[in-house]
Amino acid sequence: MDYLKELSAKLGGKISSNNCYHWNIDLTSLRKLVIKAYGGHRFAIDEYGPSMFMVRCFIEADFSFSINNPDKLFGYSKVFNLTGYPYKLYIDKESDGSFIKEEYYGLIESFVRELKELELSAGESIFIYQNCICLALSSTRNVVTAIDMLIGLIDKYDTLFKKDVKTKIFRKNIPANLHPLIPLIKKWSVSDDNDREQLVDEATEKEKKRLVKTVAPYTPEINKFLDSFGDGVLSDEAILFGNLAELVSELWSI
């Protein structure tokens, strides 16, 4: 049985090839299902061999952490315990975790506590980022039920998940020699694979060639900017420049 095709039949969307290694589960995805609209939300489901699915629901949030297992990608390894909660929460090592209890009048904690209804196994996790919520689920799961539950919680706690919010760009956080690229990151810096693909498809060949010609000479300076953060967390501005450099690299190889 092809479970990904079964999910496509139930949820809609299109299956395509993939080549994505995920640090948190130490597996490579070769196929993904992209769902533009289900329950009022956008999803992508990455298939990691016969054993695991990564369900991504695209949202906007001001907080990030992981549940049940640490996040190796962003270094969320500091344990934060919630009284009576069956899973460990993992936060950034520089954080005291107070935002979980205090911000949004305790709504983050309430949201987290209701996520326990997913009844995670030892190898399953929830990764909450500022642009998506990822459910790392066993392939033996009823994935549709898990997605429906997640949608219900996101809609219930919609105050936490803002839509159509643009990242603020502060020039003071960007090296002066990269300031000429600021107008470009406002248009071309897109983190989501599907949105970036759509942006590229809608651009003319002339626009794409001009973008590569303009940005490519700045690649060493962009890399220097990103490397300046070392093992620390990238600033919002650095993330935008990283997205821009990734896009230009993809266009360069076409």
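Filtering region 55-113 to residues that are touching a strand residue (DSSP E or B) at 6+ places or on another chain (Cβ under 7 Å), under 20 Å from residue 158 (Cβ atoms) and charged (D, E, K, R) leaves only 56. Here 222, 169 are screened, and the one residue that is hydrophobic (A, V, I, L, M, F, W, C), farther than 18 Å from residue 59 by Cα, modelled with pLDDT under 85 and surrounded by 12 or more Cβ atoms within 10 Å (Cβ to Cβ) is 169.
Taking region 185-225 as the search range and keeping residues that are basic (Lys, Arg) and within 15 Å of residue 251 (Cα to Cα), which one is farthest from the chain's Cα centre (by Cα)? Restricting to residues being basic (Lys, Arg) and within 15 Å of residue 251 (Cα to Cα), the top hit is 206.
Scanning region 113-128 finds one or more residues that are of a type in the set (Phe, Trp, Tyr), touching a Cys at 6+ places or on another chain (Cβ under 8 Å) and not assigned by TED's automatic domain parsing to the domain that holds residue 230.
Counted as qualifying within region 1-96 are the strands (runs of 3 or more DSSP E) with 1 or more residues that are within 20 Å of residue 142 (Cα to Cα), namely 14-22, 27-38, 41-48, 52-58, 65-67. Could you figure out which of (1) under 23 Å from residue 233 (Cβ atoms); (2) in contact with a Ser or Thr (Cβ under 7 Å, 6 or more places away or on another chain) isn't true of residue 124? Result: residue 124 passes all but (1).
Considering 66, 51, the condition of being modelled with pLDDT of 95 or more, in contact with a Ser or Thr (Cβ under 7 Å, 6 or more places away or on another chain) and either exposed (fewer than 13 other Cβ atoms within 10 Å of the Cβ) or assigned by TED's automatic domain parsing to the domain that holds residue 123 (or both) is satisfied by 66 alone.
Restricting attention to region 119-139, the residues being over 27 Å from residue 193 (Cα atoms) and either assigned to a strand (DSSP E or B) or not acidic (Asp, Glu) (or both) number 3. Scanning region 142-162 for residues that are in contact with a Lys or Arg (Cβ under 6 Å, 6 or more places away or on another chain) and either surrounded by 15 or more Cβ atoms within 10 Å (Cβ to Cβ) or acidic (Asp, Glu) (or both) turns up nothing. A single entry from 123, 84, 75, 39 fulfils the requirement of being surrounded by fewer than 20 Cβ atoms within 10 Å (Cβ to Cβ), out of contact with any helix residue (DSSP H, G or I) (no Cβ under 9 Å at 6 or more places or on another chain) and on the phi > 0 side of the Ramachandran plot: 75. In region 7-20, the residues that are closer than 16 Å to residue 41 by Cβ reach residues that are surrounded by fewer than 17 Cβ atoms within 10 Å (Cβ to Cβ) and among the small types (Gly, Ala, Ser) with C-beta atoms within less than 8 angstrom, at least six apart or across chains, in these pairs: 12/37.
The values are calculated or read from the model by the stated rules, or taken from the named source; none is laboratory data. Owing to the predicted nature of the structure, the values given are computational and were not obtained by experimental measurement. Counting neighbours? That spans all protein chains shown, and the Cβs are built from the backbone with ideal geometry, glycine included.
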